[in-house]
Amino acid sequence: MLSQRIVAAAPKLFRRNFGIAAPALQNTDPIQQLFIDKIREFKSKGGKVDTPEYQKELKSELERIAKAYGGSEGTDMTSFPKFNFPEPKVEISAAPATAK
């Protein structure tokens, strides 16, 4: 009796679940496909960003950032800052004698 119900309901369940599972059965999702298409487009155009226009724009942006965050002219804002922590001076005093 139970097996007959399962067999009778199987096509209905398969249709219902197939609609949910169909995107999972595709090779790539749409976002991945868009990313792949953009990479192929970039490579077909030469794949270089090192143009004089790009360098000029990069320099102006780095100058703007240096002004906004307190960097002086000539400061390399792309390098990690160097920190200098001086060693603290510790005074050792004689410990008071404890009474027994």
Residue pairs within 8 Å by beta carbon, gap of at least six or interchain, first lying in the stretch 26-53 and among the aliphatic types (A, V, I, L, M), second modelled with pLDDT under 75, listed first then second, are Ile36/Thr28
Quick one: Gln55 ticks every box in (1) open to solvent by less than 70 Å² (accessible area, probe 1.4 Å); (2) of a type outside the set (D, E, K, R); (3) not in a loop (DSSP other than H, G, I, E, B) bar one, so which box is it? (1)
All but one of (1) of a type outside the set (D, E, K, R); (2) in contact with a Leu (Cβ under 6 Å, 6 or more places away or on another chain); (3) at pLDDT 85 or above hold for Phe83, so report the exception by its number. (2)
Go through the stretch 28-52 residue by residue and tally those that are at pLDDT 80 or above and either in a helix (DSSP H, G or I) or under 30 Å from Asp76 (Cβ atoms) (or both). 16
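The values are calculated or read from the model by the stated rules, or taken from the named source; none is laboratory data. Note that the coordinates shown come from a computational prediction; the quantities given were computed from them, not determined experimentally. Please note: Cβ atoms are built from the backbone with ideal geometry, for glycine as well, and neighbour counts cover all protein chains shown. Surface accessibility is based on the protein's heavy atoms, side chains included, excluding ligands, DNA and RNA. Shrake-Rupley method; radii C 1.70, N 1.55, O 1.52, S 1.80 Å.
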